[in-house]
Structures are given as structure tokens and as C-alpha cells.
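Peer 1: Encoded as C-alpha cells, here's the structure I'll be asking about.
The values are calculated or read from the model by the stated rules, or taken from the named source; none is laboratory data. Predicted model only: the values in this text are computed from it and were never measured. All Cβ positions, glycine included, derive from the backbone under ideal geometry; neighbour counts span all protein chains shown. Heavy atoms of the whole protein, side chains included, go into the accessibility calculation; ligands, DNA and RNA do not. Shrake-Rupley method; radii C 1.70, N 1.55, O 1.52, S 1.80 Å.
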Amino acid sequence: QDEEKWDFILVSDIHEVGSKKEIKRKKFLDELSKKGFTIKKIEDKKLFYGVRAPKEIFQKYQWLLRNPDSRPQNPDDHQDVPVTTRIRIVNFILQNTTTPDLEKLSDLMKRKVFEATFPLHEEEGVWENLNEKWARWRDMCRKQPIEDIRSYFGEKVALYFAWLGWYTYLLGFAAVAGTAVFVAGITVFSSGQVSKEICEANTTVMCPLCDQECPFWLLSETCTYAKITHMIDNEGTVLFAMVMAIWATVFLELWKRERANVVTNWDLYRWDEEEEELALELINNLQHEPQKYQHSYLRSTIVLLLVLVTIGVLIGIAHALVIYRVVAMALFTQSKVEFLCEQANTMAVMTGAVLHYITIVIMTKVNKWVALYLCDLEKPRTFSHHENNFTVKFFTFQFFTHFSSLIYIAFFLGRINGHPGNYVRIAGKWRLEECHPSGCITDLFIQMGIIMLLKQTISNVVEYLIPWIYHKAHKKPQCPKKRNMMVGEEEEVEDPCKKQWLSNYQLKEVNVFSLFDEFLEMVIQYSFTTIFVAAFPLAPLLAFINNLFEIRLDAIKMMRLCRRMVPRKANDIGIWLQVLEAIGILAVIGNGLVIAITSDFIPMQVYKYAYSPCKVENSTGVDCSSGYINHSLSIFHIQDFDQYTKVPKRLPHFVTDEVKECRYRDYRNADDYSYTAQFWHIFAARLAFLILFEHVALCVKLIAAWYVPDVPQSVKNKFLERKHSNLRREL
């Protein structure tokens, strides 16, 4: 039974006898034979080679990396190596075997000598258990069998699922809080003083929203928009942003504890990746010389400059999206379709968000290529260094791709557009957008909602459908061919391996990026869930629902739709932990800025405590925020419009007198349009709040990090007892 288990399968086209490719293939297989590998050939429409490594290789591995604490000192006493370790060692030797022409397997695959290499899925034991209890939609709320995942896919995949499960579990609490804040917002939908004032402002004439063909409009026309803004932008959201900044820290600290618990039982807590890599190099080739660490300042400078250029391009794309919104707004307002004309701003925001999603999809492919190219320039020493460098670069590019547009909407929209009579224009023609009189936060809410929904639904559907269609398409044509074979070559069909090898070959191929892509998707989602959560309290709920599906979707994909991944050893989630910690700090800064700059929370508080009727008249029965809208709008005299603005002939139908002045959102004097004292008062309050919020949140983060130990006492005690009993036994 054991003799028929094959470690790896190599697949090749049937080449002409004596052709270059056939000679190269023979040379490579001869090198494997010299190392003691058993090779079995099966011919179908392709050539399949099963390879099995000799026992001596695994004995050397065990002896070199024996753990003095738990392994016997006798070199003849060997236990079986786990299947995941077997596959990993064989994969390393296959990838590093060099032919006499100095070509490795990767070179041969580029030259189409070999088409595919993969380990086989087992079809009993752990595979059956995982297939029944893990890779099923009905198990969506069941705890994952991490130990089984580890013994089938290796530690790295098991840690990914352990992390994803833990993240989803804690996301449940954030989702409940976010939903509660959103529902609370809906209950005050119509009762807010500010939205009441906007709805009743049927005599407040507002300045035109564009230069051509745009009428004056009444503030009360945007009643619904004001109510929606108030639903998102209230005191509850401020509190929730604070809670989420702290949640991000607590989540990471609790994950470190969870990871310590998981890894202790695997005997990998003090495992050394470098030592393992050197051992494998020596097993493969005794004459191997280790590659030295090296650092070149010139190379680092070039890479840094190229990274900055790429980031510049990504920010340029965000600018292009801004220009699109400005032009779209101008075109929609001049449209003959009444709906487009009335909802020009919302339509520009929504189509802009869809366009942003499309740029994300395209730039992801470009970013991956650029990050790989930059990593090759750096010439990292080992695969894990290469992976870490690639992760940091690719994540940075993806971060700017996803968030540049959101950063513009949150912090620049409506703040750099000038004022009536002196607007900032693109190419001297199109005016920059303005914020709605009730604030800019709704634009951010719409943009985040659309991107999160599109990203999570479309990405997941594509992620699942491509392997599923691939699987179905390759499965069907196989049946009639098998029957033909039975008639012609019975003895070959009887080979028990053939069916298994063929069925594995027909699955979708996996590569070194397969797990990386899953991690990246989740970390970008984590960024959405924490950084701008003040503007989109539903983000944790959407992420939670998505992750419940994501876990099972990834499980089904790995178990039944894709070839088996080469197991990788790991004792933590690697560089991703530092990335998550960086996002945690960005979450504090991002949410602080959203509340201080995007939200109307600070101007409202300044008004309540400095300028409101409560302060002036000391009247008890008055709502302190009454009069806020009138206070936040400045007056503009019509005769001061610049030459670009066509003063509209069409006036709101019930304004009988000719309009002499209109209102716009800003704090400026009516005579010379300079900033008022209130503007600087609010500016100082925003700055003070930002500094206070960030210091308090970072202090709480530090206290939480200190309060929750990274390694549980039970794990430390386990190590203590293990050391003690080993020393006692030795004595």
C-alpha cells in the first residue's frame, strides 16, 4: 500500500523522440534517479511521472533537525515523517535539482519541457474528515478543525484559517456595535434639529452648483439627503470610531495569545526557518555553500524611488477619478433627463465609485507585476525574505489604489474648491465639487458602501466560479475517452494510479500566491473595517457576513476545486502581523481625521457651546443646535460672480423678487469674503480634538497591549514543565 503512494507528479507533453525538450526532460529525470528517487511513468494524452523520494532523505532531515528535548539521540531510531513534511522536502529537492545544463525545474517549466508539478490529494483519512466536517456550507457556524487542516495542508494554511476564524469571531462583536449605532441613527432619522432646519428652509436660496444652466435652488429641496447625513453623522458614530480603534488593538493582542496556544501544541514555538532551509540545501547537495546576507544602498535607493513613482501614479489615478466626478457632475446637471439633473451629485458619486472599483481590479494586476519586478531588483536571500519584501510593497500599492479616492472625499472634497466668485477650476473650465450643506460624510458613506459590496460580492463569486467552471469543464469530456481506452489498451487503464493522477491534473492549478491572495483580500477588508469606520458603521457587519462565506468558500476551493497546495511550515502569520499593526495605527489617525474634518461633529459642538441660543439667551426650552444651519452658511452677492459663471435666468418658481444674494457652505464675511472668526475658532477646535483623540486612543492601545500578555501563562507553564522534566530525566 505504502509503495503505491507518490510524493509528487510531474506532467509533460509527449515530445518527439530526440527533440530538445525530450532530451532536457530525460536529463532532469536522470538527476532525480541519481538521488535515489523512484520514478513511475504513465502515458495518456500527456506523460505523467510519479516521483517518490528514498527513505534516507527523510532520515537525514530528522537527524539534522532533531529536537534534543523530544527526539531520541540514537540515529537509527526513526519515526515516520508527516505527509506534509514529505511533500515539502520533495518539493524543495525538485525545485533545486540542477541538470548538467545548469537548468532547474522552474527553467524547464518556462521552456514547456514540463507543464505542471503537484502533490496528490489523498482520498481517505484526514481528507475525508475535512471534506465532511469543514468544506461544507452547512458547517458555516461550526468551529474549524485546525489540527486536521494542519496535518493535511501544513502549518501556514492552518494558521491562515485559525487567524481568519479568530478575526471573524471578534468581528461579530464589532458588527453588533456598528449595527446598533446605525439602527440608532435610523431612529433619529427625522427628529434631528439640523435636518429639521434644512427641511423647513424654503426661503433660503442657495448658490448654483455649476457654472452653466444651473438654477438657484432652495435648501429645503435636499431634505432627504440631510436626514441621511444626520443618520450617519451623530454622536454615536464618534463613540463607535473610538471603540473600533481600541477593537483593532485588542483583536491583535488576543490573536497573539490565540496563536501562542495553537503553535505550542505543534512544537514549533521556537522553530528556526533559516536552520530548516540550510538543512534542506545540504540534504539536496552536500557541497552547497550558503548565500551570504548582503545589502546595497544603491539598490535600496533605486527601489525606494521606483516605489515612490508608483505611489505617485496611483495618486494620479485618484486625481483622474476626481476629474471624472467634476465633469460628470457638470454633464448630469445639464442633462435633459429630470432625474439625472436633480440627483446629479449622488449620480456622480455613485458612478465614480463604480469606476473606482474597476480601477482597483485593473491596478491589482499592474501592482502585482511592479511589486514582483522590484523584489527581483532587490535580490533577496531566501524565499521567505522575497515573500516579505513582496508583501510590504504589494500591500502598500494596494492600499493607495483602494484608499486614495476615499482620502480625497474624506479630507479634501469641498475644502479646496474656493467660494462663489472665486472658484478653483480644473483646466480653467470645470469647478471642483462642493459638499452638501449638511456635510460631506454621506459621499464617503456611499463610496465605501459601493466599493465594499462590489468587492466582496464580485470578488467572491469570481473566486469561486473560476475554479468551479474549470473543474466542471475538465471533468465532462473525460468519460467517453475512458471508454475508448478500455477497448484499446486494457492493461494501461487498470493502473490504479492513472485515475487519481488524471483527476488531480484536471483541478485548477495553485501557485505560491494562492494563499498570499487570500491573506491580502482579508487584510484590505480589515483596513476598510477599521480605517474609515466612522463614516460607514455597517463595514464590520458586511465584513462579518462575507467572512462566514469566505472560510467555507476557501475550504471547498482547496479541498475539491484546486490541486493540493505544497505545505509550508510557519509558527506565525509572518509579516502580515506588522501590516495589521500598521493598519491599527492608521485606524486611529483615519477615524480621528474623519471625526475632526469630515464630520460636522466639531462645528456643531463649537456652535452649541459658543454661539447657540442656549449660550446667548440662557434659555432652557430651546434646542442648543437650533440656528446652526443659518450660522454655517455664508452670504454671497450676485453681482460678484466671475465671468465663467452664467447667472441663471430660471429662478425657483415661488421666489417673486429678483435674487440679490445666495448662500453657500463656509464661514466667510459678506463684504470681502475673508474667513470669519468662527472659522478659526472651529479650525482650532478641530485641531485640538484631533490631537486629543489620537493621544487618548494610542494610550488606550498601549494600555491594552500591556494589559493582555502576548503569551498566556498556561503556555509558559507548559514550557517550564517540559524543560524541568527533560532535565530531571537527563539527570
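Peer 1: If packing is taken as the mean number of other Cβ atoms within 10 Å per residue, what is the order of 599-606, 12-19, 547-554, highest first?
Peer 2: Highest to lowest by the protection proxy: 599-606, 547-554, 12-19.
Peer 1: Using a 1.4 Å probe over the heavy atoms of the protein chains, calculate the carbon and sulfur portion of the accessible area of the chain as a whole percent.
Peer 2: 61 percent
Peer 1: Right, something else. Can you spot the lysines whose alpha carbon is less than 25 Å from Lys292's alpha carbon? Ignore those fewer than 8 places along the same chain.
Peer 2: Reachable lysines: Lys60, Lys104, Lys379, Lys393, Lys569.
Peer 1: What are the ³J(HN,Hα) couplings of the range 109-118, residue after residue, when phi is run through the Karplus curve with 6.51, -1.76, 1.60 and θ = phi - 60°? Round to Hz, x for glycine and proline.
Peer 2: For the range 109-118, the Karplus-derived couplings read 6, 5, 8, 6, 6, 10, 9, 8, 9, 7 Hz, x marking Gly and Pro.
Peer 1: Now for a separate question. In the range 8-120, if every C-alpha pair distance is counted and binned at 10 Å from zero, what percent goes to each bin?
Peer 2: That works out to 13, 42, 27, 13, 5, 0, in percent per bin.
Peer 1: Could I ask something else about it? Give the ranking of Ser612, Ser459 by solvent-accessible surface, highest area first, calculated with a 1.4 Å probe. Mind dumping the intermediate values first?
Peer 2: Numbers: Ser612 0, Ser459 35 Å².
Ranked list, largest accessible area first: Ser459, Ser612.
Peer 1: Can you tell me which of 693-699, 170-176, 245-251 comes out highest on packing, and rank the rest after it, using the mean Cβ neighbours within 10 Å?
Peer 2: Top to bottom by mean Cβ count within 10 Å: 245-251, 170-176, 693-699.
Peer 1: Sticking with this structure for a sec: So, by mean Cβ neighbours within 10 angstrom, what's the order for 672-678, 636-642 with the highest one leading?
Peer 2: Averaged packing, sorted descending, gives the order 636-642, 672-678.
Peer 1: Right, next: Kirkwood Rh and Cα-based Rg: tell me the resulting Rg over Rh for the chain, rounded to two decimals. Can you show the working numbers first?
Peer 2: Working: Rg = 32.0 Å, Rh = 30.1 Å.
Reported Rg/Rh, Kirkwood definition of Rh: 1.06.
Peer 1: Show Arg729, Arg142 ordered by accessible area, largest first, where the area counts protein heavy atoms only and the probe is 1.4 Å.
Peer 2: From most exposed to least exposed: Arg729, Arg142.
Peer 1: For the chain, what relative contact order do you get, as a whole percent, if you take Cα pairs closer than 8 Å and at least 6 residues apart?
Peer 2: Answer for the chain is 21 percent.
Peer 1: Ordering Thr97, Thr38 by accessible area with a probe of 1.4 Å, largest first, what comes out?
Peer 2: The ordering from most to least exposed comes out as Thr38, Thr97.
Peer 1: Could I ask something else about it? With every protein chain present, what is the per residue accessible area of the chain (1.4 Å probe, Å²)?
Peer 2: 49 Å²
Peer 1: Let me ask something additional. Would you tally the net charge around Cys440, using a Cβ to Cβ cut-off of less than 11 Å, leaving Cys440 out, and scoring K and R as +1, D and E as -1?
Peer 2: Its environment carries a net charge of -3.
Peer 1: What is the distance in Å between the Cα centres of the range 216-285 and the range 352-391?
Peer 2: If you average the Cα positions of each part, the centres end up 21 Å apart.
Peer 1: Specify the angular offset, from 0 to 90 degrees and rounded to the nearest 10, of the alpha carbon long axis of helix 297-333 from the longest principal axis of the alpha carbons in the chain.
Peer 2: With rounding to tens, the tilt is 50 degrees.
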